[in-house]
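The structure appears below as C-alpha cells.
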Amino acid sequence: MRIHMSSGRKASRAVGMFVGASLALAACSSLLDVKNPNNVPEDALNNPAAAAAIASGVLGATARMLSGTTTPYAVATDELDWIGSRDAWLELETGAIANHFNEFSDQAFPFAGEARYLGDEGIKRLLFFDTSVTILTKPARNNLANAYLYTAIVYASIADMYDDYAFSSKQTAAAPIGRANMGQLYDTAIVYLDRALVIANAGTGATFTSLRYPITAYRARVKHAKAVWASITPKLAAGVSRPLTLINDAGANADANAAIALGTADQSYTFGNSVGSAAGINVWFEVNGRNEHRISLSYCPTVAAPTVGGLIDPVTGALDIRASALCTQFRAFGTQAGTFTLTSTRELRLILAEAALATANNAEVQNQINLVRALDAGRTAWDGATPAPLTMLQHERQAQLWLMRRRLADMHRFNLKDTPKWVANPNFESTFNINGLLFPIPQVERLGNPCVNDPAAPGC
C-alpha cells in the first residue's frame, strides 16, 4: 500500500502552510519563531534508543489493521449480520466481495498496507541495531522479537483475507503477485516467527519466556492456515463444489503440541485494542455503537429477542455455551475498545483434532475436542459418534474461532453457504457461487499504484 497517497497529501498541505507562515513571519519578532517539540523527524528512528518505540509502533499498526479489516471480513461471512442503511455493507453481506470499489473494503485496506510497510521497516531498523558493530550499547532484543511476531501477524492476516497483494511502498509502485503466490505471505510470516523464536529461546527472564507461547502458537496457526489456503486455491468456477481436504500438517502439529506444553490449559494470545471509530472500521463501534451490524443470529440471539436464533450445540441441542459466552464478552466491550484473539490453545487442539480426523484416528479427535469442550463449564462431553466427527469439528471451529478471521476460508473448504444472505450478483463474483473467492485489491491501491491495473506498465 502506497501510504503516501493519503499521508503525503496531508504532509504537502502542512509543508505549504508552514512555508507560507514562515514567509509571513520573517519580519516578525523572534518570539514567534518556535519549533513544535512534537514533530519528530524520521531519522530520529535511526537512534537505538528508539527501539522500544519502533516495536510499539508496529504493534499499533497491527492493531489498526485488525480493527480495519475485521468488520468487512465478518460481514462477508455468517459471523455478523448487516442491519443498517449502507448499501456497500449490503453488498458484502450478500457475498459480492469481488467489487474493488466497495467503500468499506476500500476503507480497510490502507491499514493493512500501512501495517505491512511499517512492520518490514521496523524490522530493518531493529535488525540493524542488533547486528551493527558500530552500535556498542544494543537495545533489548525482545523489541526485535516482538516486531517479527507482529509483522508475521500482518502477513498472515493479509493472506487470509485478500486474493492478491502488491508490495508497493511510500514512493515505489509494484505489480501484484497474483493469487497463486499469496502463499508466500505465509512463508514470510513463518520465517519471521522462526527468527522471533530463536531470540525468545536465547533470552532469559520473563520478557523472553513470555514470548515463547505466542510465537510458537501463532506459528502453528500460520502453518495450518497456509495449508487451508492451498486447499481453497485456486477459486473454482461458478457453481462448482470443492472436494474436502482435511489438514494434517506435520509442522503445524508439532508447533501446536509444543505451544500447548508451554501454556496453560486455556491459554490465548490476544491484543487489547483501543482504536476509536474514526481510526478505522472499529468492529465494536459498528456493532455495539452505531448498530450498522449485529452479532449474527447464526451465533447468538439478540438481547431483545433471546429465543430467536443462536448457534445450537449438536451434543446437547441447546444454545452453545461457548458461542454465548463470546457474544456476552463482545457486548460488554462497549463501543470503542475490545480484545482481538490471535490464537489460543483451543485453536491448537482443533488443529490437532483435524489432523487426527485426516488419519481416521477418531479416538484422538474425540479426545482433543472434549479437552476443548471441558474448558467451558456446562458443555457436555461428546461421545465421539453423534454427531459425526467432521460435523463436530466444523461446529467447534465455528464456536471457538468467532471473529478470529478464519471463517471465510472454513466456509469455502467445507462448502458452507450463508443462506439466505449470500446470493448471486449480476455484476460481481460472489461467494454464493464462487468457492475460494477472497477480497480483491481495492480501488484505493489501484489509484495509488498503477501497476495493479497494468502490471506490464513501465516501472512495474
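In the range 198-209, how many are surrounded by fewer than 22 Cβ atoms within 10 Å (Cβ to Cβ) and part of a helix (DSSP H, G or I)? Full working, then the answer.
Step one: list which residues in the range 198-209 are surrounded by fewer than 22 Cβ atoms within 10 Å (Cβ to Cβ), which gives 198-199, 201-209.
After this cut, where a residue has to be part of a helix (DSSP H, G or I) as well, the list is 198-199, 201-202, 206-209.
So the answer is 8.
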Q | Single residue of Arg179, Arg221, Arg195, Arg212 found to be open to solvent by less than 10 Å² (accessible area, probe 1.4 Å), among the charged types (D, E, K, R) and at pLDDT 95 or above | A | Arg221
Q | Criterion: surrounded by fewer than 17 Cβ atoms within 10 Å (Cβ to Cβ) and within 19 Å of Gln400 (Cα to Cα) - qualifying residue of Gly272, Gly251, Gly289 | A | Gly272
Q | Yes/no for Ala265 being over 21 Å from Ala353 (Cβ atoms) and assigned to a loop (DSSP other than H, G, I, E, B) | A | no
Q | Candidate set: the range 33-82, residues that are surrounded by 24 or more Cβ atoms within 10 Å (Cβ to Cβ) and of a type in the set (Ser, Thr, Tyr); chosen: the one modelled with the lowest pLDDT | A | Ser67
(Q) Six or more apart or on different chains, Cβ atoms under 7 Å: show the pairs whose first residue is in the range 292-318 and more than 23 Å from Thr386 (Cβ to Cβ) and whose second is open to solvent by less than 40 Å² (accessible area, probe 1.4 Å) and of a type in the set (D, E, K, R). (A) Glu292/Glu286; His293/Asp81; His293/Glu286; Arg294/Asp81; Ser296/Asp78; Ser296/Glu79; Ser296/Asp81; Leu297/Asp81
(Q) Return the residues of the range 323-382 that are within 18 Å of Gln267 (Cβ to Cβ), surrounded by 23 or more Cβ atoms within 10 Å (Cβ to Cβ) and among the acidic types (Asp, Glu); say none if nothing qualifies. (A) Glu347
Q.
Suppose the filter is modelled with pLDDT of 95 or more, within 30 Å of Arg331 (Cβ to Cβ) and surrounded by 14 or more Cβ atoms within 10 Å (Cβ to Cβ); does Ser296 pass it?
A. yes
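Evaluate the following for Asp130: is it over 26 Å from Asn47 (Cα atoms), open to solvent by 20 Å² or more (accessible area, probe 1.4 Å) and assigned to a helix (DSSP H, G or I)?
No; evaluated as a whole, the condition is false for this residue.
Residue-by-condition table, conditions (1) part of a helix (DSSP H, G or I); (2) within 18 Å of the chain's Cα centre (by Cα); (3) among the hydrophobic types (A, V, I, L, M, F, W, C):
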site: Ala258; (1), (2), (3): yes, no, yes
site: Gly272; (1), (2), (3): no, yes, no
site: Arg294; (1), (2), (3): no, no, no
site: Pro306; (1), (2), (3): no, no, no
site: Ala323; (1), (2), (3): yes, no, yes
site: Gly334; (1), (2), (3): no, no, no
site: Thr339; (1), (2), (3): no, yes, no
site: Leu357; (1), (2), (3): yes, no, yes
Q.
Restricting to the range 402-447, and then to whatever is within 15 Å of Asn102 (Cα to Cα) and acidic (Asp, Glu), can you tell me which residue is surrounded by the fewest Cβ atoms within 10 Å (Cβ to Cβ)?
A. Glu429
Q: Filter the range 149-173 down to the residues that are at pLDDT 95 or above and part of a loop (DSSP other than H, G, I, E, B), then identify the one that is least open to solvent (accessible area, probe 1.4 Å).
A: Tyr165
Q. How many of the residues in the range 214-238 are of a type in the set (Gly, Ala, Ser) and under 17 Å from Arg195 (Cβ atoms)?
A. 2
**Q.** Residues within the range 87-127 that are free of Cβ contacts under 8 Å to residues at least 24 places away in the same chain and either open to solvent by 40 Å² or more (accessible area, probe 1.4 Å) or touching a strand residue (DSSP E or B) at 6+ places or on another chain (Cβ under 6 Å) (or both), tallied
**A.** 6
Q: Only one of these is free of Cβ contacts under 8 Å to residues at least 12 places away in the same chain and of a type in the set (Val, Ile, Thr): Thr380, Thr419. Name it.
A: Thr419
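The values are calculated or read from the model by the stated rules, or taken from the named source; none is laboratory data. These numbers were taken from a predicted model, which means no experiment stands behind them. Please note: Cβ atoms are built from the backbone with ideal geometry, for glycine as well, and neighbour counts cover all protein chains shown. Note: accessible area is taken over every heavy atom of the protein model, side chains too, but ligands, DNA and RNA are not part of it. Shrake-Rupley method; radii C 1.70, N 1.55, O 1.52, S 1.80 Å.
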